[in-house]
Amino acid sequence: MRRWLNGLAGAVAGLLAWQALIALGDLPPFILPGPIRVAQALWANVLLIAGHAVVTLAEILTGLVLGAILGGLSAILLAASPLARSALRPMLVLSQAIPVFALAPLLTLWLGYGFWSKVAMALLIIYFPVTSAFFDALVRTPADWVGLARVMGARPAAVLLHLRIPAALPGLASGLRLAAVYAPIGAVIGEWVGAAQGLGYLMLLANGRARIDLMFAALIVLVLITLSLHYLVDAVCGSLLRRMST
Amino acid sequence: MRRWLNGLAGAVAGLLAWQALIALGDLPPFILPGPIRVAQALWANVLLIAGHAVVTLAEILTGLVLGAILGGLSAILLAASPLARSALRPMLVLSQAIPVFALAPLLTLWLGYGFWSKVAMALLIIYFPVTSAFFDALVRTPADWVGLARVMGARPAAVLLHLRIPAALPGLASGLRLAAVYAPIGAVIGEWVGAAQGLGYLMLLANGRARIDLMFAALIVLVLITLSLHYLVDAVCGSLLRRMST
Amino acid sequence: MTAWSRRAFARTRDEEPGSCFPGQPAPSLLLSGRVKIGSATIVGPVALEVRGGCWTCLLGPSGVGKSTLLALLAGVGDHVSLEGDQRAGDDAPLAGRVALMAQSDLLLPWLNVLDNVTLGARLRGERADMMRARQVLDRVGLADLAKARPATLSGGQRQRVALARTLMEDRPVVLLDEPFSALDAGTRARMQDLAAKVLAGRTVLQVTHDPAEAARLGQEVLLLTRSGLSRVEPPATSPPRAFDAPDTLVFQGRLLRRLLEV
Amino acid sequence: MTAWSRRAFARTRDEEPGSCFPGQPAPSLLLSGRVKIGSATIVGPVALEVRGGCWTCLLGPSGVGKSTLLALLAGVGDHVSLEGDQRAGDDAPLAGRVALMAQSDLLLPWLNVLDNVTLGARLRGERADMMRARQVLDRVGLADLAKARPATLSGGQRQRVALARTLMEDRPVVLLDEPFSALDAGTRARMQDLAAKVLAGRTVLQVTHDPAEAARLGQEVLLLTRSGLSRVEPPATSPPRAFDAPDTLVFQGRLLRRLLEV
Amino acid sequence: QDRLTLMLDWFVNPDHGPIVIAQEKGYFAEAGLEVEVIAPADPADPPKMVAAGRADLAVSYQPQLHLQVAEGMPLVRVGTLIDAPLTCLLALRDGPVQDVADLQGRQVGFAVPGVQEALLAQMLRHNGLTLDDVELVNVGWSLSPSVMSGQVDAVIGAFRNFELNQMEIEGIAGRCFNPEDEGVPAYDELIYVANPERLDPEVVRRFLSATERAVQFIQAHSEESWAVFAGSSAELADELNWRAWADTVPMFAAHPGKLDEDRYIRFAEFLRDAGLINKEQPVGTLAVDLEAR
Ligand SMILES: Nc1ncnc2c1ncn2[C@@H]1O[C@H](COP(=O)(O)OP(=O)(O)OP(=O)(O)O)[C@@H](O)[C@H]1O
Ligand SMILES: Nc1ncnc2c1ncn2[C@@H]1O[C@H](COP(=O)(O)OP(=O)(O)OP(=O)(O)O)[C@@H](O)[C@H]1O
Ligand SMILES: [Mg+2]
Ligand SMILES: [Mg+2]
């Protein structure tokens, strides 16, 4: 309840800051329209925006789930095998060092302009934070625990499964919290590169038509999706970790 | 020494994978040129690329330093004051939930098309991972330590300074490692949105002139900058943490 | 002050446990009631009185709630609730007058031994008394390890660093939770002597499992069991007693029998 | 086998410390040389012989290297280097034949007590013997806490969970590092009896600071000091001895004197 | 029914009128074609996709075609959508830039670096200036906002049928300087390109004649065709598109298949002079006229 009130207060503060920005920064509406104009545009185009939002949400969720699975497995692989580590780690950093934008034509060439190229984009953008946060935690297992497990006759795989992975779950949770925020960006970038639907498409289209209020209405919806996702992942990870550690 | 060998092996593996991708994926050079063509383009345009790279590097480094400082201070502020937390946390997530692209026109309007709008972009993109990783670690201080400090008569500020911050430095390091990879992306996006120099600009220019090999040469330099930065931050954080904890 | 009020005051003082160092300012501690964590009662109704300026040993079976009581007294039992009353004998607030050595050493891994020992001063924003810190380290036998990190210390060495850190705190009330449990007999005896000397005249509540230790150090010996708190009368001699003095040994035997009966 | 070779073999056996349970398969442990961490010598040249099937108590001042020796014997001393030789009396590798109870309890915070106790089986991919685990938990007095998380346990309760976990490991060699240090006298005596019974016939090396404990349990008592390793002859009776039997008390006194001299 | 994948140069806008009308009025279907229309956000992508065989046809720009062919991409112009330059140099009507020569010492923005600098350079040279006399900035896709907000004094790369209307809606009047009036040879703004190795001339011919029918319909029924266009998608029905439609209708190439070889020869020369290509480009490598056999 208090959290919700806080959230509400934050939202109101955000809106006020936005309005103040416009008033003080003397911003014309074609650069940044005010909250009321955007609310009007949102209301007038609610069906249109909702349709595009559903598409983007599906891309985000699929990318998030696949990225979390892939990132988690990669981190485990990296932690499990020094060979994999020396071979794959530069790849991992590389996968992030190459701006997704540069990869976009490749992805669209392979995956076409449909659903999967956006999913791939969202996946690509969250793969690194998930993998790197989880991996960092996986290699930080206290040596004493590992020693004990070895004395008990555990094979490396068992140490990983029963000890290092559970001990590293808070790290995975940090990664997922970041991922929840980045996945929407990935999907939208994917839509910017080429799409016929989705919030990213709608934003570019509105921008090209100088309908900045519509663009910001779509943006607001995107921001709301991102915030919900972030708090959802936060709550789920939090309750799982709490159940694990008390 | 072994690290370097590993890195070299990784680079060679990367080049081979690249070449294999072209051979197997049947990719024409205007989608993805091979490593040799890109190397030739790099060599032929080395002065041009170096000039733009210097600009981008300056933007990245400035953004990274400022972002690390700002992110670190924000995390401390959030951790120190419950008031700040309830007011600023939604803002923090918001700052990331809004795609930087959407903010770009605003930034360029305020900061112009020069150096500082790119720095702002790099800063904006790394602010969230730094703040959130550090903050997560700051609120995870073992309760027993905090209790002991309280018995010893420590004010909250002293607990923060002498206990919670040092205990949370590994979290800050994780955030900085991510930041090292994201800052270049921020700078390049900034250059894409509006610039007259820098690697991002050069990439756009080459793409517009259908000189894909030059575009990839600039991309490779960007990737190298990112990798160096990542390993540099990794090494610095690692040695600092090691000095702190043994 | 009227005669009546003086009498009333005297009576209140009378009802309180007498100090071992009359005239000393170290307050007594009073805690009565039921101690709960969540909805579970950890310690049934007890009335704990720790006499001001005395060295009190608290013994009792594992898990009976000794550490929980110490946490309450130190004011760090955020997860513990007391259904009852707790105060210092002089009715002034206890905050700022207590030092606590918890059951785990709580050394900060990124600080070396010397910095851990002077942590209190640094946390209070005071200048750390480096000379005294080095003296205390010397007395606990760790002068050579002043620059070592906690991770490189043995269990007993870590415990002595925690002891040194507690001795650096100049507080009238000192709570010690099994402070010598990881030490060999020789080191333990020396640390007991040291603590007894440094903390003389303060209100000390020490949890211990070692009847010999209680027999050496205790001016008061309390036994906490599931059925409640009881006093065991210690030898009349003043601590630290010789470990092989006849009355020490006799008391130690009696206490051990009581402990084994629980 | 020729007569000569048989004699030679017999002699080798002779040179080894005799077993307390002749005919038992528990191997003796031999370690000789200098123990270093980095370039610092932690334990000067020693020759440690732990007799097969015997309960050996190892005492010594804090920081002298007892835990380090145990880590070497258990094969977890990755940061420790031995300049010398180490082997089991039967010359077979020790891996898979050792159980270790380290000085800190090493409980996994996300597992409840029962799951911590059966950790070994799970780590080996075996079916955990839940019935035996519950029995052992009952014997260490924690049957009620089977579902509790380590964070909600008292220090002594945690130590008993670690003990139960070690007792669940069916290994011929058992290394115990101060296994009863956080227990009250009554619980401690019960745990000693339990361990002595469960581990009878195994090669046990127990680090302890309590001379009374060594007097109760030790079939061999070793004293490690900076100047080296020495044997103290324990009572001839077989452990666990009554804590107040005259020869126990006499030995305890003698041992204490040796410890205080160090 | 033959399947045909067509990539637009950008999101659907009035420039694509004939394609939308042909689709909506069923001209493609009547020509035995099933046309899939894809709209990308980066205009550099469609030619690549066509060259790589991912799409059959792409809407692209003549200047880009010269550069892409020079870089070895297998592309050829097969038809024309808009046969006049749309690009212009855009400034504020009431601003300090009343003439191209007024740009001296001022900031000029551009959207996509590449050919546009060459156009600007020629326009400047025509007015006695050089590129060194102005400061160039890439302003991304916010062309008109950067002019309206005064961040730059002019932008090159605006479309005269689009950005002018956009500014007018915002209540700020703009002014266009046309490249063909300032010394740049005339060229086809929007063309259809195909991969010469995979091209099926018969199918493309059918495609072009269907769009030709659409152009005729549009030019005969301007009002009605707007209704068809706006009705094809909810996002298209707005004031800007409505205004742009009116300005675009007269510009559609009446004979999409017809090739004006001269334009390609002269523009190749222009680009060679500007240093953007360094080889002769025979028309045959750039463009084909599928009707002339
Ligand atoms: N990583 C390390 N680097 C340097 N010295 C170390 C390291 N680890 C342990 N030591 C030193 O090795 C010595 C032996 O430690 P060990 O834990 O074996 O002592 P112990 O006999 O078990 O003592 P206690 O009875 O206090 O547990 C100690 O003096 C300690 O400081
Ligand atoms: N967070 C908690 N939730 C539930 N029970 C708890 C919690 N913390 C402690 N307990 C229980 O409270 C009891 C008292 O714990 P405490 O640590 O005070 O025991 P103790 O007397 O100090 O024992 P020891 O001698 O073993 O240290 C224990 O039985 C323990 O299981
Ligand atoms: Mg306790
Ligand atoms: Mg030890």
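The values are calculated or read from the model by the stated rules, or taken from the named source; none is laboratory data. Small disclaimer: the values here were computed from a predicted structure and weren't measured. Don't worry about glycine lacking a Cβ; one is built from the backbone with ideal geometry, like all the others, and counts go over all protein chains shown. When the accessible area is computed, the model is the full protein with side chains, heavy atoms only, and any ligands, DNA or RNA have been set aside. Shrake-Rupley method; radii C 1.70, N 1.55, O 1.52, S 1.80 Å.
Could you give the distance between the Cα centres of the range A:1-61 and the range E:256-293, to the whole Å? Value for the Cα centre distance between the two parts: 49 Å. Look at the dipole of the protein assembly as shown built from charges on Cβ: of D:V46, B:L219, C:P150, the Cα furthest out on the positive end belongs to D:V46. Using only Cα coordinates, the Kirkwood hydrodynamic radius of the range E:223-286 works out to 15.0 Å.
Radius of gyration (Cα atoms) of the range A:1-110, expressed as a multiple of 2.2 N^0.38 Å: 1.65. Note on the range D:126-262: semi-axes of the ellipsoid equivalent to its C-alpha gyration tensor, largest first and rounded to whole Å, are 29, 16, 15. Dipole of the protein assembly as shown (Lys/Arg Cβ +1, Asp/Glu Cβ -1, origin at the Cα centre): which of E:A194, D:F243, C:H79 lies farthest to the positive side? Ranked along the dipole, the leading option is D:F243.
Taking a quarter of the surface of the Cα convex hull of the range A:60-154 gives a mean projected area of 7.2 nm². So, in Å, what gap is there between the alpha-carbon centers of the range E:129-186 and the range E:105-128? That distance is 10 Å. A convex hull fitted to the Cα coordinates of the range A:117-170 yields 75 cubic angstrom per residue. Take chain D with all the other protein chains still there, run a 1.4 Å probe, and you get 43 Å² of accessible area per residue. Around the Cα centre of the range C:106-170, unit charges on the Cβ atoms of Lys, Arg, Asp and Glu (plus for the first two, minus for the last two) sum to a dipole of about 120 debye. Rolling a 1.4 Å probe over the protein heavy atoms leaves D:K36 with an accessible area of roughly 50 Å². Size descriptors for chain A, from the alpha-carbon set: Rg then Dmax equal 21.4, 70 Å. Taking Cβ separations below 4.7 Å as the criterion for a possible disulfide partner, the isolated cysteines in the protein assembly as shown are A:C237, B:C237, C:C57, D:C57. Going toward the positive end of the dipole of the range E:122-174, with +1 on Lys and Arg Cβ and -1 on Asp and Glu Cβ, which of E:F159, E:S144, E:G174 do you reach last? In the range E:122-174, that residue is E:F159. Shortest first, A:L24 label-point distances to identical copies amount to 5.6 nm, with the label point at 7 Å from Cα along Cα→Cβ.
For the range D:106-170, the fraction of 1.4 Å probe accessible surface lying on carbon and sulfur atoms is 48 percent. Size estimate for the range C:88-133 follows the Kirkwood approach: the inverse of mean 1/r over distinct Cα pairs works out to 12.6 Å.
Annotation: amide H-H contacts under 5 Å for D:L100 (H modelled 1.01 Å from N, sequence separation of 5 or more, or interchain): D:L175.
In µm²/s, what is D for the protein assembly as shown at 20 °C and 1.002 mPa s, where D = kT/(6 pi eta Rh) by Stokes-Einstein and Rh is the Kirkwood radius from Cα pairs? Here the translational diffusion coefficient equals 59 µm²/s.
Centre-to-centre separation between the Cα atoms of the range E:205-236 and those of the range D:149-200: 87 Å. When B and E come together, around 1900 square angstrom of accessible surface is lost from both chains combined, probe 1.4 Å. Rg/Rh for chain D (Cα atoms only, Rh after Kirkwood) is 0.97. For D:E178, nonlocal amide neighbours, meaning residues 5 or more places apart or on other chains whose placed amide H falls under 5 Å from its own, are D:V207, D:T208.
Hydrodynamic estimate: the Kirkwood radius of the range D:106-170 over Cα pairs, inserted into Stokes-Einstein at 20 °C and 1.002 mPa s, corresponds to D of 189 µm²/s. How many percent of Cα pairs in the range D:152-230 exceed 15 Å? The proportion of pairs with Cα distances above 15 Å equals 57 percent. Listed by chain and number, the aspartates and glutamates whose alpha-carbon sits under 12 Å from that of E:K48, ignoring those within fewer than 8 places in the same chain, are E:D9, E:D56, E:E71. Normalised by residue number, the volume inside the convex hull of the Cα atoms of the range B:148-220 is 99 Å³ per residue. Here the sum of -39500 (n - 2.57) over DSSP H runs of 4 or more residues, divided by the residues of the protein assembly as shown, equals -17500 deg cm²/dmol at 222 nm, to the nearest 500.
Chain D comes nearest to the axis taking it onto chain C at the Cβ of one residue; that residue and its distance, in whole Å, are D:S181, 3. For chain E, the spread of Cα coordinates along the three principal axes comes to 58, 45, 28 Å, biggest extent given first. Separation of the alpha carbons by more than 32 angstrom is noted, of C:K66/D:K147; C:K36/C:K147; C:K66/D:K36; C:K197/D:K36, for C:K36/C:K147; C:K66/D:K36; C:K197/D:K36. Between identical copies, the spacing of B:A158 label points, each set 7 Å from Cα toward the C-beta atom, reads 4.9 nm from nearest to farthest.
Of all aspartates and glutamates in the structure, those lying under 13 Å Cα to Cα from B:K118, and not within fewer than 8 positions of it along the same chain, are B:E59, B:E191.
The fraction of accessible area contributed by carbon and sulfur in the range B:32-245 is 74 percent, rounded to a whole number (1.4 Å probe; ligands and nucleic acids excluded). Residue ranges A:135-142, A:179-186 sort as A:179-186, A:135-142 when ordered by packing (mean number of other C-beta atoms within 10 Å per residue, highest first). Rounded to the nearest whole Hz, the Karplus-based 3J(HN,Hα) values (6.51 cos²θ - 1.76 cosθ + 1.60, θ = phi - 60°) of the range E:52-68 follow the sequence 7, x, 7, 9, 8, 9, 9, 8, 9, 10, 4, x, 5, 4, 4, 5, 5, with x at glycine and proline.
What the Cα convex hull of the range D:50-138 gives, in volume per residue, is 170 Å³.
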